[in-house]
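Structure, as structure tokens:
Values in this text are rule-based calculations from the coordinates and carry no lab data. This one's a predicted model, so the numbers in the text were calculated from it and none came from an experiment. Because the Cβ atoms are built from the backbone with ideal geometry, glycine has one as well, and the counts that use them run over all protein chains shown.
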Amino acid sequence: MGEEDDDYPLAEQEYDRRLLEEMDRERAAGREVLIPGAVADAVIEGLHPIRAWREYRVVSQRDLAATTGIDLAKIEAIENGRLRASPRETETLARALECTPGHFDLLDEDDQPSP
């Protein structure tokens with residue numbers, strides 16, 4: 001890493017480095033870092049990663065709202081791509097869905113709504 005390569009731009013290298021560091025921290029804390037196939041498949045098919053994790057954990061939007069204190073309408077808007085979760089909301093949702101905030105980084109930046 002460290003030098004530009006047309007097939008592996010520096011921005012991607014930096015993202016991958018941060019993701020690997022986060023995975024190392026999660027492993028060190030004894031937490032699972034793999035993404036279940038069902039979640040990956042759902043995201044590939046077009047579901048928002050938060051919705052994919054919620055459905056994988058068999059949690060309704062209403063229950064997720066009650067657990068996290070995030071308004072139901074906001075969860076719906078996040079999952080539909082109309083809103084972007086704040087860093088604090090992302091942390092809260094990840095805890096409730098028993099994954100890490102990095103697990104929601106399955107969308108390309110171009111697919112993210114503006115804050």
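Suppose R0 equals 30 Å; then what is the FRET efficiency for LEU20 and GLU76 from their Cβ-Cβ distance, rounded to the nearest 0.05?
It comes to 0.35.
At 0.36 nm per residue, minus the direct Cα-Cα distance, what do ILE44 and ARG62 gain on full extension? Give it in nm, one decimal, please.
Full-extension gain reported as 4.0 nm.
For region 46-109, I need the span (max minus min coordinate) of the C-alpha atoms along each principal axis, in Å, sorted largest to smallest.
Extents along the principal axes: 29, 22, 22 Å.
Could you give the length gained on full extension between GLN13 and ARG27, defined as 0.36 nm per residue of separation minus the Cα-Cα distance, in nm?
Length gained, GLN13 through ARG27: 2.9 nm.
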